1. What is the packing order of peptides 361-372, 110-121, taking the mean over residues of other C-beta atoms within 10 Å and listing the highest first?
2. Quick test of the membrane-span-like rule: which DSSP H helices of the chain reach at least 15 Å along their long axis (C-alpha atoms) with mean Kyte hydropathy at least 0.5?
3. When the Cα centres of the stretch 29-92 and the stretch 125-177 are compared, how far apart do they sit, in Å?
4. Run the numbers for Ala7 and Asp46: contour at 0.36 nm per residue of separation, minus the present Cα-Cα distance, in nm.
5. Among Val295, Val247, what's the order by accessible area (1.4 angstrom probe), most exposed first?
6. At a probe size of 1.4 Å, how large is the accessible area of Lys384, to the nearest 10 Å²?
7. Nothing charged except the Cβ atoms of Lys and Arg (+1) and of Asp and Glu (-1): what's the magnitude of the dipole of the stretch 251-391 about its Cα centre? Round to the nearest 20 debye.
8. What order do you get for 232-239, 389-396 when each peptide is scored by the mean count of other beta carbon atoms within 10 Å, highest first?
Amino acid sequence: MSALLLAAGLALGAMAGRPWAGLAFAALAAWAWQAWRLRGLLVRLDGRRRLKAPAGAGAWNEAERLMVRAQQDLRARKRRLVGMLRAYRALADALPDAVIVAERDSQRIAWFNAAATRLLGLHYPADIDAPLGERLQPMPVARWLASGRMAEPLGDVPSPIDASVRLSLRLVPYSEDLWLLIVRDVSRLNRLEQMRRDFVANVSHELRTPLTVVHGYLEMLDPAEQPEWAPMLAEMQRQSQRMTQLVEDLLTLSRLEARDSLDEEQVPMASMLATLRREAEALSQGRHEVVVADVAGVDLWGSVRELHSAFSNLVSNAVRYTPAGGRIGIEFRRDGGGAVLAVTDSGYGIPEAHLPRLTERFYRVSTSRSRETGGTGLGLAIVKHVLGLHQARLSIESEVGRGSTFACVFGAERVRQRESIAREGT
Ligand code: ADP
């Protein structure tokens, strides 16, 4: 076009006898035309209008056609991204769990899905940028985050908008500066769990009376009257004793599970250790050496009855899983600010693979050995529950053929100065 204008200007100028003036005029016209095209394109680009591909030839048309193509590609990509974003948002909103993205440093809410409104009462946009811990009160989220133990889920807390809805919180640190908080409604699970507990407790309770009757009558039967029945009678007595013990253990577990806390008092450890020694000796009937070491010089704070039940389960296990001639050690010692009650035996030991599962109900390394020795498979489950209610933990070390140590580790808050300094020596 510009070339055409210049040629026409030159020709007209030549005809008028002023070729340079014609050329200058044509150059001005060509420049004006270029400026007009450029401006037109800029206006269209700036207005973000959809460009139309021009039909003609020439550099400007070609440039516009390229831009139209780039614009079409860009629009298609944008449509695709918007589609994906919508799909992700729909997906996040369809999740039954509340999902919250929070900034790690400031602990402020950056984003949340629809379930967060339903379960936690968060509202968009008012709660964007709100401090997470404060906004989710009275759930103890701030304390949980401050404790540094976020790897463990915060389980079974009431929802801030409806206390009958029980929630479980899990934190996933998914980038350098963001946290993902996943909140799940566990009310139904809790109800099922409660039903299971009630069922076990009711069944155990119902079994107690008939068992007592059977057991009572069996005790009354004298094997001397019918000597040929003596082995059967003895076996029936053993089995009824086992069933009674099973029911008692199930009831103990149900009782412990139903409680969040216990009635607590000073636990006189000197007399506790003396009782444990007596029990160990009675169970062992002289087959083992029983050694008690009371070196802590302090008492514990907790439930005397439940702690005795836990410790005596460990002592009973030590005696039952140690062959005659072995050694049973019961040691109460300080451990940093806290205290440890450790029961050690020189018995059969436990292969390492079994250790993490030992405290599960009815989990046994050897079912036959457990039955032979009168075990119910519930002893360590009871120990774990009792210790949990005292914020204590069970540490197990064992070596096959050499023996085991079951240690109850109590925190400093459970230690009290001893009232009576009566000591049980070894
Ligand atoms: P049980 O009534 O069968 O003894 P527990 O819950 O007390 O049930 O223990 C679970 C299992 O752990 C036992 O069956 C046994 O296999 C193993 N166990 C517990 N204590 C000891 C121990 N001191 N030495 C070896 N094995 C043990």
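1. Details: 361-372: 14.0, 110-121: 18.8.
Ranking the peptides 361-372, 110-121 by packing returns 110-121, 361-372.
2. Details: long enough: 2-15 (20 Å, 2.02); 19-46 (40 Å, 0.63); 59-94 (52 Å, -0.59); 187-220 (49 Å, -0.46); 230-257 (40 Å, -0.35); 269-284 (22 Å, 0.26); 304-320 (23 Å, 0.09); 379-389 (16 Å, 1.65).
Passing helices, by number: 2-15, 19-46, 379-389.
3. 47
4. Working: separation 39, 0.36 × 39 = 14.04 nm, distance 3.38 nm.
That works out to 10.7 nm of additional length.
5. Largest accessible area first, the residues go Val295, Val247.
6. We get 110 Å² for Lys384.
7. Magnitude of the dipole: close to 520 debye.
8. Highest to lowest by the protection proxy: 389-396, 232-239.
The values are calculated or read from the model by the stated rules, or taken from the named source; none is laboratory data. The model shown is predicted, which means the values in this text are computed figures rather than measured ones. Counting neighbours? That spans all protein chains shown, and the Cβs are built from the backbone with ideal geometry, glycine included. Note: areas computed on protein heavy atoms with side chains; ligands, DNA, RNA excluded. Shrake-Rupley method; radii C 1.70, N 1.55, O 1.52, S 1.80 Å.
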